[in-house]
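Reading through the C-alpha cells given below for one structure.
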Amino acid sequence: MDKIEFLILNNLINNEEYLRKTIPFLKDEYFEDHNQKIVFQEIANFVDEYNDVPTKEVLSIEVEKRKDINEDVYKQIHHLIDHLDGQPVEFDWLVDTTEKWCRDRAIYLALIESIQIADGQNDKKQPDAIPSILSDALAVSFDNHVGHDYLLDYSERYDLYNTKEETIPFDLEFFNKITKGGLPNKTLNIALAGTGVGKSLFMCHVASSVLLQNKNVLYITLEMAEERIAERIDANLLNVLIGDIADLPKQMFESKVTNLAQKTQGTLIIKEYPTASAHAGHFRSLLQELALKKSFRPDIIFIDYLNICASSRYRAGGNVNSYTTVKAIAEELRGLACEANVPIVSATQTTRSGYGSSDVELTDTSESFGLPATADLMFALISTEELEELGQILVKQLKNRYNDINMYKRFVVGIDRAKMRLYDCEQSAQDDILDNSKDEEYSYDEKPKKTFEGFKF
C-alpha cells in the first residue's frame with residue numbers, strides 16, 4: 001500500500017479544508033493501487049452529488065453496491081476504509097506533497113501514453129499530440145490564481161492596504177524602527193560581519209527574544225555544535241555568564257530552565273548539520289519531519305550561516321564559481337522562507353577588506369554581490385576597539401525593503417558577550433551616530449519589553 005496515496009485518502013474524508021483544496025485536481029488514474037482507486041472514486045462521486053464529505057460508513061455502503069468487485073475485494077476495501085483514522089498532518093506540507101504527487105503521477109502517465117502513441121499502440125491520437133500531453137502533465141498545479149484584475153479587484157486591494165502585516169518583533173528599539181515593527185513572513189534577512197564580531201551572538205539573542213514572545217523557533221547551525229548554540233542561549237535566557245554555566249549545580253540549572261519554560265508557550269529546536277553538507281532541500285525535509293513527528297511548525301528560522309550552506313542546484317566542488325553558488329544559496333533560502341511562510345535570518349562574512357574596518361559597504365560582502373540583491377534586509381555588524389570598550393556594536397543598514405534606508409542608517413546597540421545578549425543603548429549613545437536624528441512615529445500591537453524585563457530566573 002502506497003503511503004502517500006493512503007495519506008491522501010485518509011485526509012480526504014477527515015479534513016474538509018484539504019478535500020476542498022485538492023479534490024478538483026485529483027484523478028482516479030493517479031492511484032496505482034486498485035482498491036485505493038475505488039475508494040477515491042466513491043469519495044469523488046459523493047462530493048460531486050452531495051457537495052459534502054463522506055463518512056467511512058457511507059463509503060462502505062457505496063462500495064458494497066458496486067457490481068465490478070467480488071466479495072474478497074470488498075473485504076480488502078472495507079479493511080482499507082476502517083484504517084482511515086484521521087490522524088492530524090501539517091496542512092501546508094500535506095497540500096504541497098499532494099501537489100507534487102499529482103504532478104509526478106501525471107508526468108509518469110503522460111510518458112507512458114506518449115510511448116504508446118509513438119509505438120502506434122494508440123489509434124486515437126497522433127504523434128503530434130505528444131508535446132501537448134507532456135506539457136499538460138508538467139503544468140499540473142493547485143494554483144488557480146490567474147492574476148490580479150486591477151479594475152475589478154480593487155476591494156481586495158484596499159483591504160490589503162488596511163491590513164496590518166504579521167511580523168516577528170525584535171526586543172531592540174532601533175531594529176523595530178528600521179523594520180517598521182519586526183520581520184515579515186516570506187523574507188530573507190542577513191547580518192554581515194567579520195569573524196568573531198557577533199553574527200552568531202546576534203542570531204542567538206534574537207532567537208531567545210522570539211522564544212519569549214511565545215513563538216516557535218528553529219535554529220539551524222552548520223558552524224557550531226547544537227550543544228554550543230544551546231550554551232549561548234542558556235547564557236542569554238538564564239542570565240548566567242557563559243563561562244559559569246558548567247559550574248551551576250544541576251538542581252539550580254534545572255530550576256532556571258523550568259522557570260523559563262513557564263514563561264513561554266513557544267518551542268526552540270536546534271538542529272546541527274555538518275559544514276557545507278546541507279541545502280534548502282534538507283531544511284525543507286526537516287520542516288516536514290518536525291511537523292509529522294513533533295507537530296512543530298516554526299514561526300521563524302535561523303540559519304547559522306549562509307556561506308557554509310550547500311546549494312541544491314550545484315554540486316560541491318563542481319566547476320561553479322563562488323559568486324554563483326552563494327547567490328543560488330540565497331535564492332533557495334528565500335524560496336524556503338516563502339514556502340514555509342516565515343522570516344529567515346542568516347548571516348554572511350565580510351571580505352578581508354571589510355574585516356576590522358570601522359565602516360562596511362555592500363562591496364564588502366564575502367564571495368557574492370548577488371547575495372544583497374536577494375535579501376530583503378541586510379545590515380552590517382561593526383566592532384572596533386573603541387566600541388568594545390564602550391560595550392557597544394555598530395549596526396549599519398546596507399539594504400532595506402521595509403523602510404527608508406536613510407532613516408537610522410547607523411545606530412549602536414549594547415553588547416554583553418559574557419551573557420550573549422544585546423540591549424538598547426541610551427539615546428545619548430546615538431547622538432553622534434544617527435544619520436538622521438529625526439524620530440518617526442513607531443507603534444505596533446505589543447511593544448516588546450526591554451531585554452528580559454519582567455522575567456525572573
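The values are calculated or read from the model by the stated rules, or taken from the named source; none is laboratory data. Everything quoted here is computed from the prediction, not taken from an experiment. Cβ coordinates were reconstructed from backbone atoms using ideal geometry, including for glycine residues, and neighbour counts include every protein chain displayed.
Given 408, 442, which one is of a type in the set (Phe, Trp, Tyr), surrounded by 13 or more Cβ atoms within 10 Å (Cβ to Cβ) and either within 29 Å of the chain's Cα centre (by Cα) or modelled with pLDDT of 80 or more (or both)?
Within the list 408, 442, the selection yields 408.
With in contact with a Cys (Cβ under 8 Å, 6 or more places away or on another chain) and of a type in the set (D, E, K, R) as the only criterion, which of 215, 186, 177, 164 stands out? Steps first, answer last, please.
Working: 215 fails: in contact with a Cys (Cβ under 8 Å, 6 or more places away or on another chain); 177 fails: in contact with a Cys (Cβ under 8 Å, 6 or more places away or on another chain); 164 fails: in contact with a Cys (Cβ under 8 Å, 6 or more places away or on another chain).
After applying the criteria, what remains is 186.
Report, by residue number, each residue of the stretch 320-349 that is among the hydroxyl-bearing types (Ser, Thr, Tyr), closer than 19 Å to residue 282 by Cβ and assigned to a helix (DSSP H, G or I).
325
Residue-by-condition table, conditions (1) at pLDDT below 90; (2) surrounded by fewer than 21 Cβ atoms within 10 Å (Cβ to Cβ); (3) touching a Cys at 6+ places or on another chain (Cβ under 7 Å):
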residue: 273; (1), (2), (3): no, yes, no
residue: 290; (1), (2), (3): no, yes, no
residue: 293; (1), (2), (3): yes, yes, no
residue: 301; (1), (2), (3): no, no, no
residue: 304; (1), (2), (3): yes, no, no
residue: 309; (1), (2), (3): no, no, no
residue: 313; (1), (2), (3): yes, yes, no
residue: 322; (1), (2), (3): yes, yes, no
residue: 333; (1), (2), (3): no, no, no
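Scan the stretch 259-298 residue by residue and report those that are basic (Lys, Arg), over 21 Å from residue 227 (Cβ atoms) and within 16 Å of the chain's Cα centre (by Cα).
Correct list: 284, 297.
If residue 129 satisfies every condition in (1) in a helix (DSSP H, G or I); (2) at pLDDT below 85; (3) closer than 30 Å to residue 236 by Cα but one, which is the exception?
Of the numbered conditions (1) in a helix (DSSP H, G or I); (2) at pLDDT below 85; (3) closer than 30 Å to residue 236 by Cα, the odd one out for residue 129 is (3).
For the stretch 204-213, which positions are out of contact with any helix residue (DSSP H, G or I) (no Cβ under 9 Å at 6 or more places or on another chain) and buried (at least 22 other Cβ atoms within 10 Å of the Cβ)? Steps first, please.
We begin by selecting, within the stretch 204-213, every residue out of contact with any helix residue (DSSP H, G or I) (no Cβ under 9 Å at 6 or more places or on another chain); these are 210, 213.
Residue satisfying the conditions is 210 alone.
Within the stretch 41-57, work out how many residues are closer than 13 Å to residue 84 by Cα and surrounded by 12 or more Cβ atoms within 10 Å (Cβ to Cβ).
4
Across the stretch 9-20, which residue is surrounded by the fewest Cβ atoms within 10 Å (Cβ to Cβ) among those that are touching a helix residue (DSSP H, G or I) at 6+ places or on another chain (Cβ under 6 Å) and over 16 Å from residue 45 (Cβ atoms)?
If we take residues in the stretch 9-20 being touching a helix residue (DSSP H, G or I) at 6+ places or on another chain (Cβ under 6 Å) and over 16 Å from residue 45 (Cβ atoms), then 18 is surrounded by the fewest Cβ atoms within 10 Å (Cβ to Cβ).
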